Every structure is written in C-alpha cells, then in structure tokens.
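The values are calculated or read from the model by the stated rules, or taken from the named source; none is laboratory data. Bear in mind the structure is a predicted one, so any value in this text is a computation, not a measurement. Cβ sites come from the backbone with ideal geometry, for glycine too, and all protein chains shown count toward neighbours.
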Amino acid sequence: MGKTIGIDLGTTNTCVAAMLNGKPFVIPSSTGNRLIPSYFAVTNDEKTLVGVRAKRQSITNPKNTIFAAKRLIGRRYDTREVQVTKEKVPYGIVQGPHEDARVMCGGKSMSIPEICAYILLEAKNVAQGFLEDEIEGACITVPAYFNENQRQATIDAAEIAGLKVLRIINEPTASALAYAQKRSKKRELIAVYDFGGGTFDISILEFGEGVYEVLSTAGNTYLGGEDIDNRIINYILEDFKKTHGADLMQDVMAMQRLKEAAERAKIELSSQTEATISLPFLTETSQGSVHYNTVIMRSKLEELMSDLVENTIQICKDTLGSAGLKKTEIDEVILVGGQTRAPLVIKKVNEFFEKQPNRSINPDEVVAEGAAIHAYNIVSPLPSNILIDITALSLGIQTKGGMFAEIIPRNTSVPVTKTRKFTTTYDNQDAVRIAVYQGNAEMADDNELLGEFVLSDIRRAKKGEPNIEVSFDMNSEGILKVTAKDADRGTEQTVTLEAASGLNADEITAMKKKMTALELELKEQ
Ligand code: AMP
C-alpha cells in the first residue's frame, strides 16, 4: 500500500505533510524548504519552472510568472474578483473557452487548474522523494468559503497532476484536526482564525470524543496578506511620485521589485519596530537612474492595515452571532496563516475574544498537518474521527425580479435535504426555469451560478396557483442533486449539478497526458 498525504494548496505557499509514526510530519524539499512557493513560470527559453525556482526569477520575468493562481481558480472571467486581480498582477488574464479565467504564460493561455496541477505535482514529487514510496491519495484543503466550482477546479487540478483526491476538506477544519491531536479528549469549543496570503476565514468548531463538528464559518476570499502588501506598495508609489515626480506603475520590473520589498518589510515589521526598504536602480527617469530608500515604522504599517484587520474582526462577530455563541464561550482561539504573525492581528484577536490566542501550533503548517491526519484516517482500517462539516455558502434558486431564494441556508450541516415550494409568475405558464445559485448575496446574479434546467409540462393555471416543489439534496462530499416537481401533476425533473471548473473531461485528459510525459522526462534527466 502506498502512502497518503495532506496538501495545503495556498495562495502564497503550498505545504505537504504525511503521517509518520502516528504523527503528522511536514515534508521538506530536497533543499530543506518546508513550504513550496505557489509559483509557476515559463522562461524565455521555454523552460517550465515551479515553486522556489519560479519565484526566484519572478523579478526578471514578471509577465510569465504566475502567482496567487488560487485567487482565480474556478472563477468566471467576467466576475468582479477576476477583474480586480487583473488590475493588480503583471501577467495577463484572459477569457477561456468556457467563460473561465485563464492566464497568459509563455505566449500561451493556460487554465488555472493546470497551473495549480504543476504546484500539486511538485508537492507530490517532494513527498514521493522523501517517503520513497508511491502516493496513494491525498486530502487537499480549500478555504471554507470556496464554492462548488472552485472545489471542482481544485479536484481537476489534482487529477491533472495524477493525484487521487481522497477528500477535499476545509482549511479551518483541517487546522482543528491537527490542533485536537495535541489535546486531551475533552469537549472544547474553538475558533480558528485563518489569515493567509489571499483569504480570511473564521470557523467555530466543537470537538470531543472523536467527533468534530463545524458550527459556523464565514470569511472573505479577497482579504489577505497580499492586500496589506498592496497598502505598502500604494504608500510607496505616492511617496515616490512626491519625491521623484515619476509614476512607478508604468515600470513592470520596478513594480515586481517593489512588491517583494513591501512583503519583506511587512514580515520584518512583525519582529522589528522599523524596516528599511532599499531599492537601488529602481527605475529610469529623464534625470537618469533612481535609487529608492525609505524607512517604514511598524506604527505606519499598522495605520495602513488597521481597517483590513477590523474587517476580519467584524466577520468574527458575525460568525459568533450566527452560531448563537458568546465570545466568552470559546475555549481556545487558534491562529492559522502567515499573516497572523503580525502583532496588530494578535492584539486585535486578543482584544476581541478577551483571551490570548493559542500560538503553540505553526500557522504555516497546521493546515497541511490536519489534511495528512484526515487522509490517513480515510484509508486506515481503524475507527476514524467523525467530521461534520457545513455549507459556508447558501444554496438556492433565482426567483421573480432576480431575487435569490435560499433553499439550504449557509451554516447548515451536510448531508442535508431541503424542499421549498414555489409557484408561477404569469397565467397559463407551462414551464419554469430552475437556475441554481450559491452565495450569500440577496440578488441571484451576485452569487455563483451552478447550473440550470427547465421543468416543463406543468399544469396550466392562473399565476400563483401551481405548486412547484424544489428539493436540494447535498451529500457529505458537497455534491448537489436538485429535483423540481409539479406537485399537482407529479411530473418531476432531477438534475445532479456538475460544478463548472472551467475545463471539460477531454481537456483534463489531455493535460494529464502532457503532465505525465513531463514527469517522465524530469525523472529521466
Ligand atoms: P499563507 O497563505 O498562510 O502561506 O500566508 C502567507 C501570508 O502571510 C503572506 O501574505 C505573507 O506575507 C504573510 N506572512 C508570512 N510571515 C509573516 C510574518 N512574520 N508577519 C506578517 N505576515 C507574514
């Protein structure tokens, strides 16, 4: 039997872990790195680079170096999130053949699952090299806030990389599993505050006696450490304009250097009260080369980022409210994600929950550790822990005026079946369109369209008279089956919704073949 692994596929970094001697263990690369930068690049001489090698050359090859692909995975090109990202990254983002967002790299458009597959393949190879064994399967983590399309796109990425997905689990749930392993078996109520490179999540979980139940979760897939980096970048751009009268935004290479320097300064300011940014030969102006030097104080950084941290605290308040809990009932607050190392974050979390957050676990590695534990439990013949997860986003259909009618509200435990009655909106209507959406917005169009079908042949009657029952049946893997029924006639249509990852089966097969060939080529080298 091969080994199982857990992979935390992060916006900034990816981490892989496995169980060794009954304990989760983060697997280092052959050069000793415990984190794989989530970077992919194609060089001028058409070489493919992944991880640390891709990141290292990002300054000189910004247009062909893809980072933060997780922000785009499973998203349609025309969504606000994609358009916002397009403004911020040096590489091109284009519309794919299935309305999906794709990136331009090495002169070609590439799908996001394919980019993520390269990163997953790197993680698999690191694990395989270290464990000296085949990898039988993996648990891969995603933010609790990922919708069906984003989850499916992650599964497709794994398939392209030749990895069998044992389960997709939510990042906070994985953190709780890893944390609980180190605790006694008593019942505990914990809050997992996860502030990573690209996303923020807060989840409230209860565990004890081998049962893990997620009570409530909320977050923002567009709030992370990178937004803090952008605040520093904007601050420097303004300062640069004032002192040198030039707009650095026009210089792609300078912007890339600035991005790296901003993140470095931010990280330094977690342990120091001031950080120096020194960028010689940053750009060329009519007066010649410009060298840029400045000192940023921690207080300045905290001023720049304070509203972002406040946003996370507001989400914590809402989550506790929807779980019907008081903050004093929380036994332990666990910090996950690199951005939680910032002193302001620790201070604000401490003030809000009125207790010192638990910092005994490594925020960069705990998610992968939890995924490794879960993967091991799935294939282990021993009785495993019971995981009760929830839907972080509501599921429903579009009704009159484009409104979103919830059928499964957010924070409902899965598996679940729910039915709601609807009717017609005009006289003698003999068909209704059932458009299924996922999200927490009031208007259907502001949520994610999962799929649609038509219930035809319904009893012709005055508007408002027919009884149409729509049932949603979601299993514990998050697969949704939708049934619409004309209750007067008994006619029924059932559709199992396949999430739209942005790729079809043929494309996945072709990409998988390409990747297997590349893997063989690398092995032979
Ligand atoms: P993750 O997605 O969990 O890998 O978190 C990555 C984010 O954490 C990036 O935005 C990093 O800049 C940030 N980060 C990592 N270390 C630190 C640190 N010591 N202080 C502040 N932010 C950090």
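Some notes on this structure:
- Pairing residues of the stretch 226-243 that are without any contact (Cβ under 8 Å) to a residue 12 or more places away in the chain with residues that are more than 11 Å from the ligand (Cβ to nearest atom), at Cβ distances under 7 Å and at least 6 apart in sequence or on separate chains, gives K241/D247.
- Lone qualifier among V349, V345 - being within 13 Å of I202 (Cα to Cα) and either touching a residue at least 24 places away in the same chain (Cβ under 8 Å) or assigned by TED's automatic domain parsing to the domain that holds S175 (or both): V349
- Residues in the stretch 197-247 that are within 16 Å of the ligand (Cβ to nearest atom) and either of a type in the set (K, R) or assigned to a loop (DSSP other than H, G, I, E, B) (or both): G197, G198, T199, T221, Y222, L223, G224, R231.
- Scanning the stretch 269-301 for residues that are away from the ligand (no atom under 16 Å from the Cβ), in contact with a helix residue (DSSP H, G or I) (Cβ under 6 Å, 6 or more places away or on another chain) and either assigned to a loop (DSSP other than H, G, I, E, B) or of a type outside the set (A, V, I, L, M, F, W, C) (or both) yields a single hit, T283.
- Breaking point among (1) within 30 Å of T412 (Cα to Cα); (2) at pLDDT 95 or above; (3) of a type outside the set (D, E), for L166: (2)
- A count restricted to the stretch 457-484 and to residues that are within 17 Å of E406 (Cα to Cα) and at pLDDT 90 or above stands at 9.
- Single residue of the stretch 333-352 satisfying the filter (more than 13 Å from the ligand (Cβ to nearest atom) and touching a Lys or Arg at 6+ places or on another chain (Cβ under 8 Å)) that is farthest from D364 (Cα to Cα): F352
- When the stretch 172-196 is limited to residues that are under 13 Å from the mean Cα position of the chain (by Cα) and more than 15 Å from S216 (Cα to Cα), the one that is farthest from the ligand (Cβ to nearest atom) turns out to be F195.
- Any chance L325 is touching a strand residue (DSSP E or B) at 6+ places or on another chain (Cβ under 9 Å) and farther than 26 Å from P24 by Cβ: yes
- Which listed residue is in a strand (DSSP E or B), within 16 Å of the ligand (Cβ to nearest atom) and within 19 Å of I169 (Cα to Cα), from T14, T4: T14
- Count of the stretch 145-166 residues, restricted to those that are in a helix (DSSP H, G or I) and among the basic types (K, R), is 1.
- Residues of the stretch 365-408 satisfying the condition of being in a helix (DSSP H, G or I) and over 30 Å from N33 (Cβ atoms): K400, G401, G402
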